[in-house]
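Presented below is the structure to which this report refers.
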Amino acid sequence: MASYVVEIATTGTSGYPKDAVVQIGICRLSDDFSDYDSVYDATIAADPKDLGHDALDRIDSVYGISPESLYFGEDINKVSEDVRTILSGGDCISFDKVTFARFLCFEPWDLNHIVTFMPAISLMIPDDSFESGTPLSIHEVYSRLCPDDPANIQSGRNALDMAQMSSCIVIEMRKKGFY
């Protein structure tokens, strides 16, 4: 069974139906969790005027996605069908527990019953690995567990960058027996 790391860029954090996925990145982990391949990267078409100022500001500041990228993105129905085809029958991992629960379990994604949802990476980080208290961002965890930037992300913030970071985090955690 294939294992996939799935990360998304969204218009907000509330989830469906208030917020929407605007970008998705997917990496496939090798069977022994020692390496990964980037297998899918798509920006979803959206008219920036329909999203509103707050959503556009968030998309730009958090993910570095421009309104032009959204305007020239791919049809959501095609992207969701591609995603379901790629992930069908696989194990799915994401850094954040809300990726699936708030977004990808609903139409048009509807990954329920076609994938196995694995525990979120952020939930599997041992408490003694970092100072306890506030939740760590994917960028903080990646920079601490993978200080040599094995994915060559540098300052990347889009969905595929995050999927690559998460893949490297899982590989490092697996080496240490935490995932």
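The values are calculated or read from the model by the stated rules, or taken from the named source; none is laboratory data. Not measured: the values here are computed from a predicted model. Cβ sites come from the backbone with ideal geometry, for glycine too, and all protein chains shown count toward neighbours.
Things worth noting here:
- Restricting attention to region 1-34, the residues that are over 13 Å from the mean Cα position of the chain (by Cα) and part of a strand (DSSP E or B) add up to 2.
- Some residue of region 162-171 being modelled with pLDDT of 90 or more and farther than 22 Å from Gln23 by Cα: yes
- Enumeration of residues in region 21-41 that are free of Cβ contacts under 8 Å to residues at least 60 places away in the same chain and among the aliphatic types (A, V, I, L, M): Val22, Val39
- Considering residues of region 40-78 that are closer than 16 Å to Asn158 by Cα and β-branched (Val, Ile, Thr) only, the residue surrounded by the fewest Cβ atoms within 10 Å (Cβ to Cβ): Val62
- Selection status of Asp37, of a type outside the set (S, T, N, Q), in a helix (DSSP H, G or I) and within 26 Å of Gln154 (Cα to Cα): no
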